[in-house]
1. So residue 79 passes all but one of these: (1) modelled with pLDDT of 95 or more; (2) open to solvent by 80 Å² or more (accessible area, probe 1.4 Å); (3) farther than 18 Å from residue 5 by Cα; (4) not charged (D, E, K, R). Which condition number does it fail?
2. Write out, first by first residue and then by second, each pair whose Cβ atoms fall under 7 Å of each other, whose residues are 6+ apart or on separate chains, and whose first residue, in region 54-75, is more than 14 Å from residue 44 (Cβ to Cβ) while the second is open to solvent by 80 Å² or more (accessible area, probe 1.4 Å) and among the aliphatic types (A, V, I, L, M).
3. When residues of region 32-52 are filtered for being exposed (fewer than 13 other Cβ atoms within 10 Å of the Cβ) and either closer than 20 Å to residue 71 by Cβ or under 10 Å from the mean Cα position of the chain (by Cα) (or both), how many remain?
4. Given the condition in a helix (DSSP H, G or I), open to solvent by less than 80 Å² (accessible area, probe 1.4 Å) and basic (Lys, Arg), answer yes or no: does some residue in region 55-65 qualify?
5. Going by what's in this entry, would residue 9 be described as hydroxyl-bearing (Ser, Thr, Tyr), in contact with an Asp or Glu (Cβ under 8 Å, 6 or more places away or on another chain) and either assigned to a helix (DSSP H, G or I) or surrounded by 16 or more Cβ atoms within 10 Å (Cβ to Cβ) (or both)?
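The values are calculated or read from the model by the stated rules, or taken from the named source; none is laboratory data. Since we're looking at a predicted model, the values are computed, not measured. Here the Cβ positions follow ideal geometry from the backbone for every residue, glycine too, while neighbour counts run over all protein chains shown. Just so you know, the surface numbers come from the protein's heavy atoms only, side chains and all, with ligands and any DNA or RNA stripped out. Shrake-Rupley method; radii C 1.70, N 1.55, O 1.52, S 1.80 Å.
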Amino acid sequence: MSSPLLLSTINNSIGNKKNHVTVQDLCNLFNGKKVLNDLDKYVIDTIQTEATEDELENFKKTYHIASEKIKYVLSLNPY
């Protein structure tokens, strides 16, 4: 399976490849990761400001993420 567009959008925003996130990282974030580090906060901010509805919808369908969990991440104030 190719990389989801949402993942590409996020990783394209992160300059240092060592900090790129994986599909599993994103799934963990959407599934209620309790402690957010600086990279998580950056990822949330990027999702909120750069991700399209289509990217989120495709990720949600492909990885079986509940709509409420997407909405929750979109509602967070990461900083």
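1. It fails just one condition, (1).
2. So the pair list comes out as 55/5; 58/5.
3. Count: 4.
4. For region 55-65, residues in a helix (DSSP H, G or I), open to solvent by less than 80 Å² (accessible area, probe 1.4 Å) and basic (Lys, Arg): present.
5. Working: hydroxyl-bearing (Ser, Thr, Tyr): yes; in contact with an Asp or Glu (Cβ under 8 Å, 6 or more places away or on another chain): yes; either assigned to a helix (DSSP H, G or I) or surrounded by 16 or more Cβ atoms within 10 Å (Cβ to Cβ) (or both): yes.
Taking the combined requirement at face value, the residue satisfies it.
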